[in-house]
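Trainee: Here you go, one structure.
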Amino acid sequence: MELYSLGVQELRRMLDKGEVTAKEIITSVYSRIDAVEEKIKAYVTLPRNEAFLMADKADRDLSAGTKKLMTGIPVAVKDNMCTKGVPTTCSSKILRNFIPPYESTVTSKLIEAGYVLSGKTNLDEFAMGSSTENSGFHTTRNPWDTERIPGGSSGGSAAAVAADECSAALGSDTGGSIRQPASLCGVVGMKPTYGRVSRYGLVAFASSLDQIGPITKNVTDCAMLLNVISGRDFRDSTSAPVLVPDFTAAIGKDVKGMKIGVPKEYFIEGMDPEVDSAVREAIRKFESLGAVPVDVSLPHTGYAVATYYVLATSEASSNLARYDGVKYGFRAEGKDLIDTYMRTRAEGFGPEVKRRIMLGTYALSSGYYDAYYKKAQQVRTLIKDDFEKVFREVDVIVTPTSPTAAFRMGEKTEDPLQMYLADIFTISVNLAGVPGISVPCGFTTGNLPIGLQLIGKHFDEETLLTASFAYEQSTEWHKRKPAL
């Protein structure tokens, strides 16, 4: 077994026993990157020198008896999280040469835990998209079929994990951007409860929806990475002052008697029949493990996509106003200040980002604010209330992660509405602020991964991990690897 193919838990055990060094691990990972990256294009930046220096430090720490949770483990970071001294571009031309002078909280926590940065991964520009085709640099490809998309916006992170180009990765999730690519690439991806993980140093898309989370090869690795990145941060006023448990303690518990909600609104016409079949089979598997399926309803689900695209674009319009060519980032020369602003934004932003800025600016404009933004906030409350009512009856909710397996590159780029519907099953989770996880639950006849989404109560990631691990261990889906 090659070192690059191993996950966090296995590498941690080997490092602690002295069976392998951090330098050997990062050497193996970079040999894998050199072999497959040209096909996958998961990364935007590969800081090879920094990675080997971090590995050398990890080996010195291990020799001195300092063994932290991530010491020597290569983790990829989505390129919308600030990394001091390493470019952070958001896969946008407007930030092509931006090098942050500070670390995000999550990467600071990873540094403290001894990780090795394998690289910064590709994404849809400013995390706006569901396929990674909106990157300002290149499209990442799905390791299971390089003619297909890996999902988005964290497509680079999910593809890197699936292709064994890192041991684990961080993504961000605003409307499904961790869970949907995890599903399409056949890996595990979790969006924690809003406020569980600090957003300080995450380049903002929609501040009331964005959340950072792990993308990993299995559920245990997910719990380990969540242990490292969670917690209150005084620099992020939205991070919650909630105790962080040891998430790995949730691994291995029994699911007998656990109530699993099955919402009728998530099994809809137009969904791929193979996805429907795989998810229903997963529910039967839970039943065989002693869990109790319960039919439930989330009646406002049908309004989620429209609500999301008013709120997310409004917040994007506000957040992206800072990119004016004056303070940092790309600057186009104009004949006066206004012309400089206009040229900078016209040349620096891609078409999807411009579309969302215009939609959001319109929704926030005088005379339309109440009709759109305020109304969307009211519907968001109804969606949140739906979840709270259902969680009085059940412990977790089970749904498909994505209505289809990975689609072909270029298939939906001409129809933004079809692209937006790719997140139909994940968006409500962000609107409600609850945690969600995607785990592999099958394959199509074309050998493309299918994901199962589990949704939990606020700050109850433990139950999600318990249920996910029980399901994972009762199946073999997570063990399959793409042939590259």
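Values quoted throughout were computed directly from the atomic coordinates according to the rules given, and no laboratory measurement underlies them. Since the model is a prediction, treat every value here as computed from it, not as a measurement. We place every Cβ from the backbone using ideal geometry, glycine too, and count neighbours over all the protein chains shown.
Trainee: What ranking do 251-263, 141-153 get when scored by the average of other Cβ atoms within 10 Å per residue, highest first?
Mentor: Values: 251-263: 16.8, 141-153: 26.1.
Result, highest mean Cβ count within 10 Å first: 141-153, 251-263.
Trainee: Follow-up question, since we're still on this one. Any aspartates and glutamates with Cα under 20 Å of the residue 481 Cα? List them, leaving off those in the same chain fewer than 8 positions away.
Mentor: Output for residue 481: 2, 10, 34, 37, 38, 145, 147, 164, 165, 221, 274, 472.
Trainee: Nearest 5 is fine: what % of DSSP beta bridges in the chain come out antiparallel, could you say? Show your work: numbers first, answer last.
Mentor: Values: 29 of 44 bridges.
Looking only at bridges with both residues in the chain, the antiparallel portion is about 65 percent.
Trainee: While we're on this one: Can you tell me the length gained on complete extension of the stretch residue 35 to residue 411, counting 0.36 nm per residue apart and subtracting the Cα distance? Could you put the intermediate results ahead of the total?
Mentor: Values: separation 376, 0.36 × 376 = 135.36 nm, distance 2.79 nm.
Extending this stretch completely gives an extra 132.6 nm.
Trainee: Ok, one more. Determine the principal axes of the Cα atoms in region 161-253, then give the extent along each, sorted from largest to smallest and rounded to whole angstroms.
Mentor: 35, 31, 20
Trainee: Where the only charges are on Cβ atoms (+1 Lys, Arg; -1 Asp, Glu), what is the dipole of the chain about its Cα centre, to the nearest 20 debye? Numbers along the way, then the final one.
Mentor: Numbers: 55 positive and 59 negative charges, 155 e Å.
I would put it at about 740 debye.
Trainee: Could you pull out the pairs from 17/39; 68/256; 93/327 whose alpha carbons sit more than 23 Å apart here?
Mentor: Working: 17/39 35 Å; 68/256 34 Å; 93/327 15 Å.
Flagged as over cut-off: 17/39; 68/256.
Trainee: Also: Largest first and in whole Å, give the semi-axes of region 3-257's equivalent ellipsoid, each being the square root of 5 times a Cα gyration tensor eigenvalue. The partial results should precede the final answer.
Mentor: Values: eigenvalues 114, 93, 70 Å².
For region 3-257, the semi-axes come out at 24, 22, 19 Å.
Trainee: Compute the relative contact order of the chain as a whole-number percentage, counting only Cα pairs closer than 8 Å that sit 6 or more residues apart in sequence.
Mentor: Working: 1176 pairs, mean separation 85.0, N = 484.
Once normalised by length, the contact order is 18 percent.
Trainee: Work out, in µm²/s and without decimals, the Stokes-Einstein translational diffusion coefficient of region 274-315 at 10 °C, 1.306 mPa s, Rh from Kirkwood over C-alpha pairs.
Mentor: Working: Rh = 13.1 Å.
Here the translational diffusion coefficient equals 121 µm²/s.
Trainee: Within the set of other residues whose C-beta is less than 9 Å from the C-beta of residue 261, count the net charge using Lys and Arg as +1 and Asp and Glu as -1. If you can, show how the numbers build up before the last one.
Mentor: Working: positive: 259; negative: 295, 393, 395.
Once positives and negatives cancel, what remains is -2.
Trainee: Something else about it: Listed here are the pairs 84/354; 41/285; 57/78; which of them are more than 26 Å apart at the Cα?
Mentor: Values: 84/354 28 Å; 41/285 36 Å; 57/78 23 Å.
84/354; 41/285, as the Cα separations exceed 26 Å there.
Trainee: My understanding is that a pair violates if its Cα-Cα distance is over 22 Å; which of 23/120; 191/375; 259/389; 109/384; 67/253 do that in this structure?
Mentor: Too far apart for the 22 Å limit: 191/375; 109/384; 67/253.
Trainee: Tell me whether region 352-442 comes out rounded, prolate or oblate; compute the Cα gyration tensor, take square roots of the eigenvalues as a ≥ b ≥ c, and use a/c under 1.5 as the rounded threshold.
Mentor: Values: a/c = 3.40, a/b = 1.12, b/c = 3.03.
Oblate, because a/c is 1.5 or more while a/b does not exceed b/c.
Trainee: Over the Cα atoms of region 186-326, compute the convex hull volume and normalise it per residue, giving Å³. Can you show the working numbers first?
Mentor: Details: hull volume 24.6 nm³, N = 141.
Per residue, the Cα convex hull of region 186-326 comes to 175 Å³.
Trainee: Taking the mean number of other Cβ atoms within 10 Å as a proxy for protection, how do you rank 336-345, 19-28, 311-320, 216-225 from highest to lowest?
Mentor: On the way: 336-345: 14.7, 19-28: 19.0, 311-320: 22.5, 216-225: 26.9.
The peptides rank, most packed first, as 216-225, 311-320, 19-28, 336-345.
Trainee: I would also like to ask the following. Please state the shape class of region 18-106: rounded when a/c is under 1.5, otherwise prolate if a/b exceeds b/c and oblate if not, all from the C-alpha gyration tensor.
Mentor: Values: a/c = 2.74, a/b = 1.46, b/c = 1.87.
Note, shape of region 18-106 comes out oblate.
Trainee: What fraction, in whole percent, of alpha-carbon pairs in the chain exceed 36 Å separation?
Mentor: Working: 27078 of 116886 pairs.
When all Cα pairs of the chain are counted, 23 percent exceed 36 Å.
Trainee: Give me 164, 236 ranked fewest to most by other Cβ atoms within 10 Å of their Cβ, as a rough exposure proxy. Display every interim value, and only then the final one.
Mentor: Numbers: 164 24, 236 18.
Ascending number of Cβ neighbours within 10 Å: 236, 164.
Trainee: Follow-up question, since we're still on this one. Of the peptides 67-75, 113-121, how do they stack up when ordered by the mean number of other Cβ atoms within 10 Å, highest first?
Mentor: Numbers: 67-75: 23.8, 113-121: 26.6.
Those peptides, ordered most packed to least, come out 113-121, 67-75.
Trainee: With n ≥ 4 as the cut-off for DSSP H runs, can you work out [θ] at 222 nm for the chain, using -39500 (n - 2.57) per run divided by the number of residues, rounded to the nearest 500? Present the calculation step by step, with values, prior to reporting the outcome.
Mentor: On the way: 15 runs with 176 residues, N = 484.
Mean residue ellipticity at 222 nm (helix-derived): -11000 deg cm²/dmol.
Trainee: Which percent of Cα-Cα pairs in region 153-214 sits in each 10 Å bin, short to long?
Mentor: Cα pair-distance distribution for region 153-214, in percent: 26, 54, 20, 0.
Trainee: Let me ask something else about it. Shape call for region 113-270 from the C-alpha gyration tensor, a ≥ b ≥ c root eigenvalues: rounded (a/c under 1.5), prolate (a/b greater than b/c) or oblate? All intermediate terms of the calculation are to be shown ahead of the outcome.
Mentor: Working: a/c = 1.39, a/b = 1.16, b/c = 1.20.
It is rounded, given that a/c, with a ≥ b ≥ c, falls under 1.5.
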